[in-house]
Amino acid sequence: MQETERTVIPPQSGHAFRLAKGQQLRITDPKGAQVADLWAFSTDGNLDWLSASQTRDIIERLFPTVGESFYGMSGEKLLTLVEDASPGPHDMLFPACNPALYRRAGFEDHPSCAANLHKALTEAGVSFPFTPDPVDFFQNSLPAADGTLVVAASINPPGAYVRLRAERDLLVIVTACSVDHHPTNGDACTEIEVEVLAAED
Ligand SMILES: [Zn+2]
């Protein structure tokens, strides 16, 4: 059995994790109300990456329920949601926060999930030419019946988590969302904890 690897991702930063097929990832929000963005890229030689739109199309829902999967651009399964110990909701409609979003809000040189994704990829020795749309765990932004899209404060309680299983060999990046000018992450940006768990027999 492999040891469990536990990483604390500091506020407003990101980290890359290499997962072998069958390994699991637990993403915990220790202090509560903190959004965690996630991306997944195949590392088995066949270029693929997690696609929010392919996932919505294949599962015919806004977000997977437990037992359903996140799919790549290829239409193949990349990750399965095996446990959701949070009240949700989660989001798969919004882009990652990015430098242009912060500039529109009047902030230059503000940390962002998009920049933290590419920094984590670079540290893992990978470059990717654009920013795929992320999975936003614990983000409270369900669409209203009239189609309005607003991000409200996360209602995730301290210690809530999700658990995912890799369906292929993957590089997964998780960021602790950087938004601090809007209630997205509650009163303050806090850390996200990630554990890589051994494959279950
Ligand atoms: Zn963000």
*Set Pro87, Pro95: member being within 13 Å of the chain's Cα centre (by Cα) and open to solvent by 30 Å² or more (accessible area, probe 1.4 Å)*: Pro95
*So Ala144 clears everything in (1) under 18 Å from the mean Cα position of the chain (by Cα); (2) surrounded by fewer than 20 Cβ atoms within 10 Å (Cβ to Cβ) except one condition, right? Which one?*
(1)
*Restricting attention to segment 49-65, does a residue exist that is under 16 Å from Phe128 (Cα atoms), assigned to a strand (DSSP E or B), open to solvent by 20 Å² or more (accessible area, probe 1.4 Å) and not polar (S, T, N, Q)?*
yes
_Can you confirm whether Val194 is open to solvent by less than 30 Å² (accessible area, probe 1.4 Å), at pLDDT 95 or above, within 12 Å of the ligand (Cβ to nearest atom) and under 20 Å from Thr4 (Cα atoms)?_
no
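Whether any residue in segment 81-93 is over 21 Å from Val162 (Cα atoms) and either modelled with pLDDT of 95 or more or part of a helix (DSSP H, G or I) (or both) is what I want to check.
Checked segment 81-93: no residue is over 21 Å from Val162 (Cα atoms) and either modelled with pLDDT of 95 or more or part of a helix (DSSP H, G or I) (or both).
Yes or no, residue by residue, for (1) within 16 Å of the ligand (Cβ to nearest atom); (2) touching a residue at least 40 places away in the same chain (Cβ under 8 Å):
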residue	(1), (2)
Leu38	yes, yes
Asp44	no, yes
Ala52	yes, yes
Gly75	no, no
Asp84	no, yes
Pro87	no, yes
Met92	yes, yes
Asn98	yes, no
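Just a yes or no: is a residue in segment 167-178 open to solvent by 10 Å² or more (accessible area, probe 1.4 Å) and at positive phi?
Going through segment 167-178, the residues open to solvent by 10 Å² or more (accessible area, probe 1.4 Å) turn out to be 167-169.
From what is left, the residues that are at positive phi are none.
No; the residues of segment 167-178 include none that is open to solvent by 10 Å² or more (accessible area, probe 1.4 Å) and at positive phi.
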*State whether the residues of segment 24-39 include one that is among the small types (Gly, Ala, Ser) and more than 23 Å from Ala153 (Cβ to Cβ).*
no
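The values are calculated or read from the model by the stated rules, or taken from the named source; none is laboratory data. What you are looking at is a predicted structure, and each value in this text was computed from that prediction instead of being measured. In this analysis, Cβ positions are derived from the backbone assuming ideal geometry, glycine residues included, and neighbour counts consider all displayed protein chains. Calculation scope for accessible area: heavy atoms of the full protein, side chains included, ligands and nucleic acids excluded. Shrake-Rupley method; radii C 1.70, N 1.55, O 1.52, S 1.80 Å.
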